[in-house]
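> Okay, here's the structure, questions in a sec.
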Amino acid sequence: MALATALTKLLKIEHPILLAPMDVVADARLTAAVSGAGGFGILGGGYGNGEWLARELPLLAASGQRFGVGFITWSLQKQEPLLDLVLEHRPAAVMLSFGDPASLVPRIHRAGALVICQVQTLAMAKEALAAGADILVAQGMEAGGHGAARGLFTLLPEVVDAAGKTPVVAAGGIADGRAMAAAMMLGASGVLMGTRFYATDESPAAAAAKERVCRAGGDDSVRSIVFDISRRNVWPAPFTGRCLRNAYLQRWLGREVELMQNIGAEADRYARARSDGDFDVAAVIAGEAAAFVKEVLPAATIVQRVAADAEALLGKRVAA
């Protein structure tokens with residue numbers, strides 16, 4: 001019997017498992033696969049690439065699956081016509097992360113979609129609730145990609161307490177049924193996973209990158225601004241990016257000022273490495289949950305296995 005929570009009722013899904021909207025990696029194929037398995041796939045709109053969205057959205061809409069689309073809030077606010085493009089394809093939800101969502105929430109609601117807001121502090125959670133968020137994602141520092149400094153174990157129950165009847169989803173360090181069950185014991189209505197879905201058959205990530213995720217342990221990822229500097233895309237505090245350690249990161253970690261002084265050559269080198277798939281230089285964006293990713297699997301297998309293991313550990317159906 002599937003876990004039934006306030007989240008599954010609201011999103012009309014079987015399993016309370018969401019695909020993190022990893023920029024470009026969470027494409028139409030992976031998103032549809034997660035939704036088709038009974039979870040909820042969220043397309044990775046990221047910073048907002050109109051050409052990519054125009055290609056992926058029709059594919060996703062044609063799949064017949066319920067889906068969401070995720071954006072970096074402050075970037076979407078600079079190119080709001082992209083939101084119109086998304087809403088034309090009738091997503092069930094739009095996920096907003098990093099920035100005040102207040103200006104975007106009414107438009108999303110008018111289109112009949114739910115608003116999912118990812119937060120990294122209690123203050124951000126209260127801001128998102130005041131803006132009208134339908135679902136909160138409490139993201140711990142364990143997560144891959146951009147995030148802040150709070151660990152999930154304390155952030156999650158604090159956000160749950162503040163959210164009242166608004167469902168809260170846990171993110172960061174979750175890749176198996178044990179972590180999902182633990183999150184739900186802390187009050188989560190579901191989980192959002194990125195790193196575990198990065199290493200799937202449907203993921204468009206390079207095979208060499210997936211291999212690195214499968215070989216990595218929890219100590220093999222680190223938060224820094226090295227890769228952001230190298231992309232000429234430094235985020236404001238308190239946000240940093242978590243990626244797997246590689247030779248390039250080891251060279252520049254703690255030497256960020258020197259990196260900025262040499263950014264002309266290093267940015268070109270980094271761009272070439274990304275294009276060539278050289279992951280000794282280019283980042284593999286993955287979190288501490290890589291410790292529990294040992295093989296590349298179909299997305300449906302992951303959804304079903306994580307849900308079944310969590311339910312067995314919880315020992316009872318979770319009431320909405």
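The values are calculated or read from the model by the stated rules, or taken from the named source; none is laboratory data. Just so we're clear, the structure is a prediction, and the values are computed from it rather than from any experiment. In this analysis, Cβ positions are derived from the backbone assuming ideal geometry, glycine residues included, and neighbour counts consider all displayed protein chains. Accessible surface areas use protein heavy atoms only, side chains included; no ligands, DNA or RNA. Shrake-Rupley method; radii C 1.70, N 1.55, O 1.52, S 1.80 Å.
> Rounded to the nearest 20 debye, what is the charge dipole size of the chain about its Cα centre when +1 sits on each Lys and Arg Cβ and -1 on each Asp and Glu Cβ?
Computed charge dipole of the chain: roughly 420 debye.
> Follow-up question, since we're still on this one. Tell me the carbon and sulfur percent of the accessible area for region 1-113, rounded to whole percent, probe radius 1.4 Å.
Carbon and sulfur atoms account for 53 percent of the accessible area of region 1-113.
> Regarding region 147-187, what is the average projected area of its C-alpha convex hull, in nm²?
Hull-based average projected area comes out at 3.0 nm².
> Taking the inverse of the average 1/r across all pairs of different Cα atoms in the chain, what Kirkwood radius in Å do you get?
19.4
> Whose amide H sits under 5 Å from the amide H of Ser221, counting only residues 5 or more places off or on another chain, with H placed in the peptide plane?
Arg245
> With everything on Cα atoms, drop me the angle between helix 122-131 and the longest principal axis of the chain, reported from 0 to 90° to the nearest 10.
60
> How many angstrom lie between the Cα centre of region 76-153 and the Cα centre of region 273-300?
Region 76-153 and region 273-300 have Cα centres separated by 25 Å.
> Please list, in chain and number order, the residues 5+ apart from Val69 or on another chain whose amide H is under 5 Å from its amide H, with Hs placed from the backbone.
Leu43, Ala93, Val94, Met95
> Let me ask you something else. So how many Å³ per residue does the convex hull of the Cα atoms of region 107-165 work out to?
Each residue corresponds to 84 Å³ of Cα convex hull volume.
> Give a residue-ordered list of calculated ³J(HN,Hα) values for region 171-184 (Karplus: 6.51 cos²θ - 1.76 cosθ + 1.60, θ = phi - 60°; whole Hz; x for Gly, Pro).
These are the phi-based 3J(HN,Hα) values: 9, x, x, 10, 9, 8, x, 4, 5, 5, 4, 4, 4, 6 Hz.
> For region 47-86, just the Cα set please: Rg and Dmax, both in angstrom.
For region 47-86, the Cα-based Rg and Dmax read 10.5, 30 Å.
> Then there's this: Taking K and R as +1 and D and E as -1, what net charge do the other residues with C-beta under 15 Å from the C-beta of Ala20 add up to?
-3
> Kindly report, to the nearest 10 Å², the accessible surface of Tyr47 as traced by a 1.4 Å probe over protein heavy atoms only.
The accessible area of Tyr47 comes to roughly 50 Å².
> Taking each pair of different alpha-carbon atoms in region 193-320 once, compute 1/r for the pair, average those values, and report the inverse of that mean as the Kirkwood hydrodynamic radius in Å to one decimal.
Mean inverse Cα-Cα distance, inverted, gives 16.2 Å.
> Once phi is turned into θ = phi - 60°, what whole-Hz ³J(HN,Hα) does the Karplus curve with 6.51, -1.76 and 1.60 give for every residue of region 235-252, x standing for Gly and Pro?
Taking θ as phi minus 60°, the curve returns 7, x, 4, x, 8, 10, x, 9, 9, 6, 5, 8, 4, 5, 5, 4, 5, 9 Hz for region 235-252.
> How much mean residue ellipticity at 222 nm does the chain get from its helices, if each DSSP H run of length 4 or more adds -39500 (n - 2.57) and you divide by all residues, to the nearest 500 deg cm²/dmol?
-12000 deg cm²/dmol
> In Å and from the alpha-carbon atoms only, list the Rg and Dmax of region 1-89.
13.1, 44
> Sequence-distant or interchain residues sharing an amide H contact under 5 Å with Val284, placed H: which?
HN-HN under 5 Å from Val284: Leu244.
> Per residue, how much accessible area does the chain have with a 1.4 Å probe, in Å²?
That works out to 40 Å² for each residue.
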